[in-house]
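Q: Provided herewith is a single structure, encoded as structure tokens, for subsequent inquiry.
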Amino acid sequence: MARKVGRNYAELRSRLSPAARARAKALADGMLREMPLQDIRRARHLTQEQLAETLAATQPEISKIEKRTDLYISTLRRYIEAMGGTLDIVARFPDGDVRINQFHALDAEESPA
């Protein structure tokens, strides 16, 4: 009789010590806090085509956005909002974090009069 290769995830997880489970959770949580754009899109179960339709763009344009390392803030903001999120920009200093709010002017420029 062949040995069963696949195992139930819950069974494997139950065999881990509480400390190992905590380490695994911390690692997974860290991975979820930092992702490239394409991984965020995939995690939200969206294709490049779907996002392109929402942004009135083309699939190749979405691909280019996801590959860029230098984006306009407005482009990044539209991309994130098309997935249902909001973009916050925070500066981190030794004595505390500061949320940059000068981009609220974009709201006023984009709002219909």
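Taken together, the values in this text are just the output of simple stated rules run on the coordinates, not laboratory data. Bear in mind the structure is a predicted one, so any value in this text is a computation, not a measurement. In this analysis, Cβ positions are derived from the backbone assuming ideal geometry, glycine residues included, and neighbour counts consider all displayed protein chains.
Q: Which net charge results when you count Lys and Arg as +1 and Asp and Glu as -1 among the other residues whose beta-carbon is under 12 Å from that of LEU76?
A: Computed value for this residue: -1.
Q: Given N residues in region 9-110, what is Rg(Cα) / (2.2 N^0.38 Å)? Please list the in-between numbers first.
A: Details: Rg = 18.0 Å, N = 102, 2.2 N^0.38 = 12.8 Å.
Cα Rg divided by the expected 2.2 N^0.38 Å: 1.41.
Q: For region 29-80, run through the GluC sites (Glu not before Pro) and keep only the ones in DSSP coil with at most 14 other Cβ atoms within 10 Å of their Cβ.
A: Details: sites: GLU34, GLU49, GLU53, GLU61, GLU66; in loops: GLU34.
Within region 29-80, the qualifying GluC sites (Glu not before Pro) (loop, at most 14 other Cβ atoms within 10 Å) are GLU34.
Q: Give me the net charge of ALA24's neighbourhood, meaning all other residues with Cβ under 14 Å from the Cβ of ALA24; Lys, Arg count +1, Asp, Glu -1.
A: Numbers: positive: ARG13, ARG15, ARG21, ARG23, LYS25; negative: ASP29.
That works out to +4.
Q: Which cross-chain or sequence-distant (5 or more) residues have an amide H under 5 Å from the amide H of ILE89, H modelled 1.01 Å from N in plane?
A: Under 5 Å from the amide H of ILE89 lie the amide H atoms of ILE100, each far enough along the sequence or on another chain.
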